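**Q** I have a structure here, written as structure tokens, and I will follow up with some questions on it.
The values are calculated or read from the model by the stated rules, or taken from the named source; none is laboratory data. The structure presented is a predicted model; accordingly, all values stated were derived computationally and were not measured. Here the Cβ positions follow ideal geometry from the backbone for every residue, glycine too, while neighbour counts run over all protein chains shown. Remember, those area values only see protein heavy atoms, side chains included, never the ligands or the DNA or RNA. Shrake-Rupley method; radii C 1.70, N 1.55, O 1.52, S 1.80 Å.
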Amino acid sequence: MKRIRCVDIKWAVLAASHVGYLLIASGTFSIGVFIHEFNRYFGSASSTTAVIASLPLAMCTFGGPVSLVMVKRFGYRTTVMTAGVLSSAGWFISSFATNIRFLIFSCGLLTGCAYGLAYSAIISIIGYYFPRRSAVAFGIVYSGAGVAILVFPPLYQTLIDVYGWRGACMIVSAFQFHLTLCGAVYREPPSPRQQANENSETNVDREIGRASCRERV
């Protein structure tokens, strides 16, 4: 059975990280559409509902240490998949909210914890798979935020107009569950010794290919 090399999987990891960051950005930067609906439905003050939008952004950075501890203990795949389940659950139970405090917990704190776990894992794994072209790789991953800001606000507004904010929360929950699939793509990055062995094997394969080409000529 042929062993999968690091070079064979790193592009799948990059694509999964791009989609994963897109999903995180869709839940942090595009939540303002829902904030307006929460204000109108519950009649709460804007300063109160603003906490719902602030918590996910704050938890993306505050959750970094916890995320890295989970990565060290359980691995990248388990950490990101757990974040996907938490994020999906947070949006789903938000559809049953009866007051703003409920939404602060479900749509703010719970999804914020999920984004904090996923964000640090998604970013740190890229540094392992792309040690030489990290700038390009990080640029591709972060471009997911631009796509999310452009696409999701009008999409969310359309969902709210058609299904109401409760139905829209359920649909967003399904979107966020795809973060679990992004985590399923991940493989634990190889150790430096494994990377060195794979690079040497790649160089040997190249030399064999060149030699065969010379013999044909």
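**Q** Where a ≥ b ≥ c are the square roots of the eigenvalues of the C-alpha gyration tensor, would you call region 10-70 rounded, which needs a/c under 1.5, or, failing that, prolate if a/b is larger than b/c, or oblate?
**A** oblate
**Q** Still on this structure: How do 135-146, 177-188 rank on mean C-beta neighbours within 10 Å, highest first?
**A** Packing order, densest peptide first, comes out as 177-188, 135-146.
**Q** Residue farthest toward the positive end of the dipole of region 19-173, with Cβ of Lys/Arg at +1 and Asp/Glu at -1: which of Leu155, Leu109, Phe74?
**A** Selected residue: Phe74.
**Q** Could you tell me which residue out of Phe34, Pro56, Leu23 lies farthest along the dipole of region 1-81 toward its positive end? Charges go on the beta carbon: Lys and Arg +1, Asp and Glu -1, centred on the Cα centre.
**A** It is Leu23, whose Cα lies furthest towards the positive end.
**Q** Could you calculate the contour length gain from Ser46 to His178, that is, 0.36 nm times the residue separation minus the distance between their Cα atoms, to one decimal place in nm?
**A** 44.4 nm
**Q** Compute the Cα gyration tensor for region 11-160, then decide on rounded, prolate or oblate, letting a ≥ b ≥ c be the square roots of its eigenvalues: rounded whenever a/c is under 1.5, prolate when a/b is larger than b/c in the other cases, and oblate in all that remain.
**A** Prolate is the answer for region 11-160, as a/c is 1.5 or above and a/b outweighs b/c.
**Q** If you don't mind, there's one more thing I want to ask. May I ask you to order 103-115, 163-175, 26-38 by the average number of other C-beta atoms within 10 Å around their residues, highest value first?
**A** 103-115, 26-38, 163-175
**Q** Please work out whether region 142-184 counts as rounded, prolate or oblate from its C-alpha gyration tensor, where a ≥ b ≥ c are the square roots of the eigenvalues and a/c under 1.5 means rounded, while otherwise a/b larger than b/c means prolate and anything else oblate?
**A** The shape class here is oblate.
**Q** Ignoring ligands, DNA and RNA, what percent of the accessible area of region 24-70 is carbon or sulfur (1.4 Å)?
**A** 71 percent
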